[in-house]
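I have a structure I would like to understand better, so I am pasting it below and will then ask my questions one at a time.
The values are calculated or read from the model by the stated rules, or taken from the named source; none is laboratory data. Only a predicted model underlies this, so the values are computations on that prediction, with no experimental measurement involved. Heads up, the Cβs are rebuilt from the backbone with ideal geometry, glycines too, and the neighbour counts pull from every protein chain shown. What goes into the accessible areas is simple: the full protein's heavy atoms, side chains included, and nothing from ligands, DNA or RNA. Shrake-Rupley method; radii C 1.70, N 1.55, O 1.52, S 1.80 Å.
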Amino acid sequence: MTREAIFEELTEIFRDIFDDEEIELTDETTADDIEDWDSLEQINLLVAIEKKFSIKFKLDEVSHLANVGDMVNLVQKLVG
């Protein structure tokens, strides 16, 4: 799966979780850039991403995510 396709899917997930159709993700997007992105919403995001891509994150993988670019790279790696 391409990075672009993953970005498109993640954008839909973020817009749904945060109920904001104007969210535009970049590699550098962090929790500081999106209002209401807290630890609870992080869990909701990860669960939604796991379901969407039929993958399972490990705690040590997600604990090192610094931004959306890292998330895209991890999803791409796990999707194969």
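Which condition from (1) open to solvent by 60 Å² or more (accessible area, probe 1.4 Å); (2) at pLDDT 95 or above; (3) at negative phi is the one that I6 breaks?
The failed condition is (1).
Tell me, which residue of the stretch 14-35 that is farther than 13 Å from M71 by Cα and either of a type in the set (V, I, T) or at pLDDT below 95 (or both) is surrounded by the fewest Cβ atoms within 10 Å (Cβ to Cβ)?
E35
Name the single residue, out of those in the stretch 49-63 being touching a residue at least 12 places away in the same chain (Cβ under 8 Å) and not in a loop (DSSP other than H, G, I, E, B), that is surrounded by the most Cβ atoms within 10 Å (Cβ to Cβ).
In this case the residue turns out to be I49.
Quick check: is even one residue across the stretch 32-48 under 13 Å from V75 (Cβ atoms) and not in a helix (DSSP H, G or I)?
no
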